[in-house]
Amino acid sequence: MAVQYLETSHEGRQWASRVVIPAARPANPTGVFTHQLVHRASSFEGIMHGSATPVAQHFSLSVELPHQHSGFAGTPGPGLFHDTHLPVEALHRSALFVAHRYFRVPADRPAVFSRTAFEVSALAPWRRNGATAHLTMDLMLRPFDVTHGVPHGLECESTLSIEGTVCGTATARMEFSARGAGGGGSGIELLEASRRTAFLLAARLGGFSVGSCVLSRWNARFEGSAAPGLPLHCAASSGELRRDAHGRPALPVALVFSQGPRHIGTVEVVVLQDC
């Protein structure tokens, strides 16, 4: 993942440096993407020293959404909408980078996203029109449980806009552990597993057409980490079919992930059919 990184003051003057940030893991399931992260520093000292005090920090994140969506791991995916995986993955990676770069969290301290949520507030900007689109994320990161100037976690809040139109929100809670706990339970893989399972359930129970479906809401809470290479079980159940404010059918789905006797987490989604 190549990232163009800039620091800026509130007055808009830029002290620019270009940094290439390595991918969070060897395999990138969402494909290669480039984004620009701008730190809106609250002090000149924070800009000059490249570090922040353990207080809330504001960033702007810019991502180019490709005009084609190849789907998860290169397999065919929904083509009517921009991939909602990208802002979630960009939020996760940016939060991890900020934790190390600005909040002095040791790089060898395991990071786990115990909660992640995404919601579409306006559907029209997410529709593809055959060209690339510009996604911006107004990002706020707030440290919590600070010890000796180093937080044990970050609360992340973001407002999403595509081509200047506000169209959603994304939030996450990232926690750091001194123990060797892994972070596999909250990866982008579970977002894709949630989407596929929810789309299948909506098609079977509600007669939805998968090709015109989108996850308008995704709310995940994780209690453990999935061990790599082992089967992951998902139990899914649906709520009552309803319609959104524009009359489009929407189906709430609850998914419970487990691995053997271990409970991994619960994901609540809403499948919306664009018709």
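Each value in this text was obtained by applying a stated rule to the coordinates, not by laboratory testing. Keep in mind it's a predicted model, so treat the numbers as computed, not measured. Methodologically, a virtual Cβ is constructed for each residue, glycine included, from the backbone with ideal geometry; neighbour enumeration extends over all protein chains shown.
I'd like the per residue volume of the convex hull spanned by the Cα atoms of region 189-275, given in cubic angstrom.
About 88 Å³ per residue, rounded to a whole number.
Let me test this: with uniform point scatterers at the alpha carbons of region 117-172, what is the Debye-based log₁₀ I(q)/I(0) at q = 0.17, 0.18, 0.23 1/Å?
For region 117-172 at q = 0.17, 0.18, 0.23 Å⁻¹, log10 I(q)/I(0) is -0.61, -0.65, -0.85.
If one computes the Cα centroid of region 76-139 and of region 221-240, what distance in Å separates the two points?
21 Å
Can you give the Rg to Rh ratio of region 127-275, both from alpha-carbon atoms, with Rh computed by the Kirkwood formula?
On the way: Rg = 17.8 Å, Rh = 17.5 Å.
When Rh is taken as the Kirkwood radius, the ratio is 1.02.
Which of the GluC sites (Glu not before Pro) found in region 79-174 are in a DSSP loop and have at most 16 neighbouring Cβ atoms, other than their own, within 10 Å?
Sites meeting the loop and neighbour criteria: E163.
Using 7 Å Cα-to-Cβ label points, what is the V150/A227 separation (nm, one decimal)?
So the label points at V150 and A227 sit 2.9 nm apart.
At 25 °C and 0.890 mPa s, what whole-number value in µm²/s does Stokes-Einstein give for the translational diffusion of region 227-275, with Rh from the Kirkwood sum over Cα pairs? Walk me through the numbers before you get to the answer.
Working: Rh = 12.4 Å.
Value of D from the Cα-based Kirkwood radius: 198 µm²/s.
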